[in-house]
1. Output the residue which, of all residues in region 91-110 that are farther than 26 Å from Ile68 by Cα and β-branched (Val, Ile, Thr), is least open to solvent (accessible area, probe 1.4 Å).
2. Do the conditions hold for Gly207, that is, is it at positive phi, open to solvent by less than 30 Å² (accessible area, probe 1.4 Å) and in contact (Cβ under 8 Å) with a residue 24 or more places away in the chain?
3. Name the single residue, out of those in region 111-167 being open to solvent by less than 80 Å² (accessible area, probe 1.4 Å) and hydroxyl-bearing (Ser, Thr, Tyr), that is nearest to the chain's Cα centre (by Cα).
4. If we scan region 180-199, do we find a residue that is assigned to a strand (DSSP E or B) and aromatic (Phe, Trp, Tyr)?
5. Pairs please, first residue from region 89-110 and without any contact (Cβ under 8 Å) to a residue 24 or more places away in the chain, second anywhere and assigned to a helix (DSSP H, G or I) and open to solvent by 30 Å² or more (accessible area, probe 1.4 Å), Cβ atoms under 6 Å, 6+ apart in sequence or on different chains.
6. Only one of these is surrounded by 14 or more Cβ atoms within 10 Å (Cβ to Cβ) and modelled with pLDDT under 95: Gly18, Gly3. Name it.
7. Determine which member of the set Pro239, Pro245 is over 20 Å from Phe168 (Cα atoms) and touching a residue at least 12 places away in the same chain (Cβ under 8 Å).
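The values are calculated or read from the model by the stated rules, or taken from the named source; none is laboratory data. Model, not experiment: these values are computed from the prediction. Neighbour counts are summed over all protein chains in view; Cβ atoms, including those assigned to glycine, are modelled from backbone coordinates with ideal geometry. For the accessible areas, the whole protein counts, side chains as well, though only heavy atoms, and no ligand, DNA or RNA atoms are used. Shrake-Rupley method; radii C 1.70, N 1.55, O 1.52, S 1.80 Å.
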Amino acid sequence: MLGRLFSFFVVSFLLLAGTAQAQGKAELLWYSQAAFKLTTPGGKVIMIDPWIMGATKIPPELKDLSKIGKVDLILVTHGHGDHLGDALEISKTNNAPIWAPAGLNQTLATLGLMPANLVPRMNKGGTIEPFPGVKITQVHAEHSSEMILKDPVTGKDTSFAAGEPVGFIIQLENGFKIYHMGDTGLFGDMKLIGDYYKPDLLLVPIGGHYVMDPKDAAYATKELIKPKMAMPMHYASNPFLKGTPAEYKAAMGQTSIQILDMNPGDKKEF
């Protein structure tokens with residue numbers, strides 16, 4: 001009898017804890033470019049495209065990997081240096097897996113730069129559930145992906161294949177969905193992604209040259225994806241990325257979509 005009562009109370013406690021967790025908030029810290037630290041309502045920490053030490057727009061107080069704290073998982077959208085960034089070091093320090101395009105992870109493992117258990121493979125359309133209540137799906141991005149790494153044999157900087165670029169749909173314990181687009185140009189299936197996944201928050205590149213410019217980004221946001229909120233990213237870090245949030249807002253015109261004003265180092269709760 002006592003054993004049954006104990007089991008009942010344990011199950012009730014876990015159910016209540018799960019409900020509280022699902023109703024909690026997430027915190028998003030923007031470092032700059034496409035780099036974010038996402039703390040889920042359940043307390044899990046996800047780093048996205050963690051270009052930190054070499055970045056040009058990050059506040060000085062954040063340029064210290066030791067200040068990140070614990071990391072549970074890393075997402076990388078493609079192999080370019082301003083996205084792969086410090087992922088390898090952060091992964092090894094925290095024993096946290098990197099989820100990235102399959103070809104990127106395969107190259108890192110084949111070169112012996114990362115242990116296989118920290119670079120598991122997935123691909124576009126694939127979904128993982130790394131923590132209770134969290135789902136992460138890779139989706140299409142219209143870009144390129146290669147890595148400049150030191151060849152373990154020659155010691156010289158060498159270009160290596162890094163699979164195909166991706167974006168990520170991240171669904172949190174409280175049901176909130178974030179679409180991190182990575183680097184991308186316009187493509188028609190953005191509408192499919194918006195219709196199917198219905199993201200609450202869109203993290204959208206606006207800089208131009210390598211990615212969508214503000215006009216393209218506004219069209220993708222307003223006409224194709226239609227999120228509840230949108231945050232412009234990936235601009236002003238080098239002379240080619242000339243698009244600005246002001247131009248993006250102007251191109252959005254009258255809209256019910258909330259455009260978030262964030263500067264590098266800012267945090268936002270959802």
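1. The extreme case among them is Thr107.
2. Working: at positive phi: no; open to solvent by less than 30 Å² (accessible area, probe 1.4 Å): yes; in contact (Cβ under 8 Å) with a residue 24 or more places away in the chain: yes.
No; evaluated as a whole, the condition is false for this residue.
3. From region 111-167, those open to solvent by less than 80 Å² (accessible area, probe 1.4 Å) are 111-116, 118-120, 122, 124-128, 130-131, 133-134, 136-141, 143-147, 149, 151-152, 155, 158-163, 165-167; that's our starting set.
Next cut, hydroxyl-bearing (Ser, Thr, Tyr) only: 127, 137, 144-145, 158-159.
Values: Thr127: 14, Thr137: 11, Ser144: 17, Ser145: 16, Thr158: 26, Ser159: 24 Å.
Among those residues, the one meeting the criterion is Thr137.
4. No, because not a single residue in region 180-199 is assigned to a strand (DSSP E or B) and aromatic (Phe, Trp, Tyr).
5. That search, which allows pairs on different chains as well, returns Ala109/Ala116.
6. Numbers: Gly3 fails: surrounded by 14 or more Cβ atoms within 10 Å (Cβ to Cβ).
Gly18 is the lone residue from the list that is surrounded by 14 or more Cβ atoms within 10 Å (Cβ to Cβ) and modelled with pLDDT under 95.
7. Values: Pro239 fails: touching a residue at least 12 places away in the same chain (Cβ under 8 Å).
When all the criteria are applied, what remains is Pro245.
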